[in-house]
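Data block below; observations after.
The values are calculated or read from the model by the stated rules, or taken from the named source; none is laboratory data. Being a predicted model, the structure only gives us computed values, none of them experimental. In this analysis, Cβ positions are derived from the backbone assuming ideal geometry, glycine residues included, and neighbour counts consider all displayed protein chains.
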């Protein structure tokens, strides 16, 4: 019918816009709708052309409890970045026009991880909280700091990946092909989005690039806090 044709034409026009003006659209439209600064794609572009889309996809999945993995985000974005950007726009349209998420209950440690209450579009978003410890709070966990310093890559693959709800140790290895900091950026974005922690993707990028080991320690301490104090995993 006519509505279906109109929707198809609208989708086609959106895809054409992405194809011909993808970078501008990502900066001026998608970033704002994702709650990020317009300069985010420019800053993350220094790490690779696909890093911004990977971070946005990770954030959207974690925030709205969408199935998938960081490894999927990486592979699909690298193989077809334009299609991924179009999918992000369609998902944002769906969220803004139709989806009304109800607050979810935090489950015990043995259950599948659940996000904090998700903001309903058009309503005041839930209040964000601070990180439990700062980036430079390594002395709060000396053993964890030493483990990260001496065995950082192994810890990231075998310990943090599992605790950050990643099915295997593959993401740090695969995302490492895009840059040594990309995995930590993705994990930090996911942790913030899922547990409603203050910050932005630009801050995740800057802190990770300049002090990756400290960020890895901070992620580990935050996971300890979530598992021990908030009763979820």
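Here is a check on your reading of the model: is residue 36 modelled with pLDDT of 90 or more, crowded, with 16+ Cβ neighbours inside 10 Å and assigned to a loop (DSSP other than H, G, I, E, B)?
Here the answer is yes, as residue 36 does meet what is asked.
Given the condition within 28 Å of residue 42 (Cβ to Cβ), assigned to a helix (DSSP H, G or I), at pLDDT 85 or above and touching a helix residue (DSSP H, G or I) at 6+ places or on another chain (Cβ under 7 Å), answer yes or no: does some residue in region 144-161 qualify?
no
Only one of (1) touching a helix residue (DSSP H, G or I) at 6+ places or on another chain (Cβ under 7 Å); (2) under 17 Å from residue 185 (Cβ atoms) is not met by residue 14, so which one is it?
Failed condition: (2).
Could you tell me whether residue 184 is touching a helix residue (DSSP H, G or I) at 6+ places or on another chain (Cβ under 9 Å), modelled with pLDDT of 85 or more and within 22 Å of residue 207 (Cβ to Cβ)?
Spelling it out, residue 184 is indeed touching a helix residue (DSSP H, G or I) at 6+ places or on another chain (Cβ under 9 Å), modelled with pLDDT of 85 or more and within 22 Å of residue 207 (Cβ to Cβ).
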